[in-house]
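Below: one structure, written as structure tokens.
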């Protein structure tokens, strides 16, 4: 299923929530991302809601009744979407859009206003209890750059153009945007003539990624066909897959990422639904003529035509010195998910192709999103070419890898002529010293 453009995407649609009409907001009425929140001002309750402007609408029983819909809302997001078809979720989104629109009936507006919370009065919580996390490696430009550092004559492994490569991450160390990241300890063997030493990571890095949440799962032993892959995807978020490159270089052979990756992964708080992204669909990555075509189970005409996503991704750094001097964060890179070699539908289909049972709330991520140009590289490993080409910033500082006090700020947004700009919000994390 690929969502069609409908009245909820109308660029002229305005809301009675005035902050949603600000042209610079990530959260106009055309977005309505999903979230969980704790009311810190009055009730102290945890609730499921949608974000709009500088507010969060709690999807309470009263709100659902006013909107003419009924869903099993409560404190858990899983209960909201488990077993609920994409069609019913689409109906809910349309009902919320009508209730928040500037021409909503007075009685509906009055009811919704009682369950409209200021974002500043809420603690945004992870949208789902993430049971499993899988990270892919689906940017061919990232894979080629990294491979060139270690295998200049043969940067891509023979399987890369046939199979979406991924590894199983650690769900328990996924944290929400804004949480500090403690520099990890690990084995370092930078001197090949000596045994490894156990020290704090010296080459700490970020990875700019797009994440997507499983909505409807599948039974163990039952693959998901590519034609139905997106029926199982609820929405997307930003992901920072923090990476300790010195640890990774020593431990990754022969089984791949382990402690260099699982100490922390940051995600943005809002989940932008697949329906909200309908105007920003694009064709899948155009493969070179000599490249192999995807195997049949990973191939469909609809996925070729609409499987891609046109999402701009930006990475900024704010150092301690920048904060002290009130200097603006410095943009390190800007990339776009159009450059992913594999679509999110292909990633999900491949993940379940052996009968693996995905479950509601599972998080899958694309891997580092990089483009062709140097300023489109989605991590410091690429930008500094393994630390050999340091980045110079307006403050006069240089960076090869992250230093204590550095904060990485990731942003994502969609723009297309004839439609309202929508954003994915921010994914932030500041490095604090190792113990």
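Bear in mind these aren't lab numbers, they're just calculated from the coordinates by the rules spelled out. Remember, predicted model here, so these are calculated numbers, not experimental data. Here the Cβ positions follow ideal geometry from the backbone for every residue, glycine too, while neighbour counts run over all protein chains shown.
Using 0.36 nm per residue and subtracting the Cα-Cα separation, the extra length available between residue 373 and residue 172 on full extension is 68.9 nm. Computed extension length for residue 5-residue 182: 59.4 nm, one decimal, from 0.36 nm per residue of separation with the Cα-Cα distance subtracted.
Compute the FRET efficiency between residue 22 and residue 194 as 1/(1 + (r/R0)^6), taking r as their Cβ-Cβ distance and R0 = 51 Å, and round to the nearest 0.05. Walk me through the numbers on the way to the answer.
Working: r = 57 Å, r/R0 = 1.12.
Once rounded, the FRET efficiency stands at 0.35.
With neighbours defined as other Cβ atoms within 10 Å of a residue's Cβ, the residues 268, 173 order from fewest to most as 173, 268.
Provide the gained length on full extension for the span residue 105 to residue 288, in nm with one decimal, where the gain is 0.36 nm per separating residue minus the Cα-Cα distance.
Details: separation 183, 0.36 × 183 = 65.88 nm, distance 5.36 nm.
Answer, rounded to one decimal: 60.5 nm.
Take the Cβ atoms of residue 41 and residue 389, set R0 to 60 Å, and the FRET efficiency comes out at 0.80.
If both residues of a DSSP beta bridge must be in the stretch 133-432, then about 85% of such bridges are antiparallel.
In plain terms, the residue of 325, 227, 275 with the fewest other Cβ atoms within 10 Å comes first and the most crowded comes last, giving 325, 227, 275.
What list do you get for 142, 232, 168 if you sort them by fewest beta carbons within 10 Å? Present the calculation step by step, with values, prior to reporting the outcome.
Values: 142 29, 232 24, 168 12.
The most exposed by this proxy come first: 168, 232, 142.
Please work out the C-alpha center-to-center distance from the stretch 105-167 to the stretch 400-420 and express it in whole Å. Here the answer is 13 Å between Cα centres.
For the chain, the longest principal axis of the Cα atoms and the long axis of helix 140-150 meet at an angle of about 20 degrees. Among 391, 197, 409, the largest mean-square fluctuation in a Gaussian network model of the chain, built with springs joining Cα atoms closer than 10 Å, belongs to 197. Between the stretch 225-255 and the stretch 20-44, the alpha-carbon centres lie 27 Å apart.
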